[in-house]
Amino acid sequence: MAVVTGAGSGIGRAVAAELLRGGWSVVLAGRRLAPLEETAALAPPGATALPVTADVSQPADVDALFAAARGRFHRVDLLFNNAGTFGPAGVPVEELPYEAWRQVVDTNLNGAFLCAQAAYRAMKEQTPRGGRIINNGSVSAHAPRPHSVAYTATKHALTGLTKSLSLDGRRHGIAVGQIDIGNAATDMTAGMAAGALQANGEIAPEPVMDVADVARTVRHMAELPLEANVQFTTVMATAMPYVGRG
């Protein structure tokens with residue numbers, strides 16, 4: 001059984017649908033029920049999708065999410081820690097309100113920690129013991145975009161969270177890895193084809209890739225035996241400005 005956060009749209013929806021096609025039972029977590037139900041409708045005959053509303057930045061919501069998952073399926077084999085927000089677009093660091101910074105940190109970092117902690121507890125206690133956590137990083141975990149201080153800081157921090165969880169999980173049969181994604185075609189990246197702000201101040205169109213390629217990569221990571229782990233992987237649009245000078 002898998003828990004996918006941020007499952008109502010974008011990468012979360014694509015990954016949940018791919019897992020459902022692969023025979024996984026999937027708990028779909030997100031803040032709004034209607035988009036989760038739309039994702040659940042993608043399940044093929046015989047697959048089980050359970051929508052659960054939850055704000056991952058709220059400890060009580062996370063506790064209720066994993067209680068619902070364990071109550072229905074009695075164990076947690078996979079967490080795809082995907083819920084996240086970019087924050088206000090195009091806002092320079094000196095103008096970023098603290099409330100906006102806090103919202104990004106609470107969702108992207110604190111939410112990832114809370115869900116990983118809940119999954120870790122379940123995986124440590126269940127029989128057979130163990131499971132896998134896959135954190136959704138970003139190429140922003142390596143290199144920032146202009147005006148992205150909150151998002152970039154949380155994605156760098158997520159790499160540290162992944163490493164620490166991976167180390168601590170070894171003796172409990174818990175494998176932890178991270179997928180760093182660049183320019184997958186979702187609502188969040190819809191404007192890139194028209195033009196995105198570059199480091200030199202220019203606006204330039206950027207290539208994107210099919211989000212299904214991300215979903216297939218996550219499924220591959222998820223279905224490895226627990227004796228094997230993809231610690232970090234990067235999946236990106238081949239020609240996006242990242243490698244080298246642009």
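Might you let me know whether region 86-98 holds any residue that is among the charged types (D, E, K, R) and closer than 23 Å to I179 by Cα?
Filtering region 86-98 for residues among the charged types (D, E, K, R) gives 94-95.
Still in the running and closer than 23 Å to I179 by Cα: none.
No, region 86-98 contains no residue that is among the charged types (D, E, K, R) and closer than 23 Å to I179 by Cα.
I'm trying to understand the selection: among the residues of region 87-121, which are small (G, A, S), part of a helix (DSSP H, G or I) and crowded, with 20+ Cβ neighbours inside 10 Å?
First, the residues of region 87-121 that are small (G, A, S): 87, 89-90, 100, 111-112, 116, 118-119.
Add one more test, that the residue is part of a helix (DSSP H, G or I), and what stays is 100, 111-112, 116, 118-119.
Residues satisfying the conditions are G111, A112, A116, A118, A119.
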For residues that are more than 17 Å from W24 (Cβ to Cβ) and of a type in the set (F, W, Y), tally how many sit in region 61-87.
1
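Tell me yes or no: at least one residue of region 162-176 is closer than 17 Å to G12 by Cα and either part of a strand (DSSP E or B) or at pLDDT 95 or above (or both).
Our first condition is that a residue be closer than 17 Å to G12 by Cα; within region 162-176, this holds for none.
No, that holds for no residue.
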Subset of region 179-200, residues touching a residue at least 24 places away in the same chain (Cβ under 8 Å), surrounded by fewer than 17 Cβ atoms within 10 Å (Cβ to Cβ) and assigned to a loop (DSSP other than H, G, I, E, B), comes to Q198, A199
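Taking into account only those residues within region 202-215 that are touching a residue at least 24 places away in the same chain (Cβ under 8 Å) and not aliphatic (A, V, I, L, M), which is farthest from D77 (Cα to Cα)?
Within region 202-215, the first condition is being touching a residue at least 24 places away in the same chain (Cβ under 8 Å), and the residues that meet it are 204, 206-215.
Subset that is not aliphatic (A, V, I, L, M): 206-207, 210, 213.
Values: E206: 36, P207: 34, D210: 27, D213: 22 Å.
Looking at residues that are touching a residue at least 24 places away in the same chain (Cβ under 8 Å) and not aliphatic (A, V, I, L, M), I get E206.
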Can you tell which of V243, V214, V176 is surrounded by 19 or more Cβ atoms within 10 Å (Cβ to Cβ) and closer than 21 Å to Y151 by Cβ?
V214
Within region 124-161, which residues are surrounded by 22 or more Cβ atoms within 10 Å (Cβ to Cβ), in a helix (DSSP H, G or I) and touching a Lys or Arg at 6+ places or on another chain (Cβ under 7 Å)?
A141
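Every residue in region 89-105 that is among the charged types (D, E, K, R) and under 19 Å from the mean Cα position of the chain (by Cα), please.
Taking region 89-105 and keeping what is among the charged types (D, E, K, R), we get 94-95, 99, 102.
Correct list: R102 only.
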Restricting attention to region 219-245, which residues are among the hydrophobic types (A, V, I, L, M, F, W, C), within 18 Å of S138 (Cα to Cα) and in a loop (DSSP other than H, G, I, E, B)?
V230, A237, A239, M240, V243
First in region 216-242 and under 20 Å from G160 (Cα atoms), second anywhere and part of a loop (DSSP other than H, G, I, E, B), Cβ under 6 Å, 6 or more apart:
M221/V230
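The values are calculated or read from the model by the stated rules, or taken from the named source; none is laboratory data. Keep in mind it's a predicted model, so treat the numbers as computed, not measured. Please note: Cβ atoms are built from the backbone with ideal geometry, for glycine as well, and neighbour counts cover all protein chains shown.
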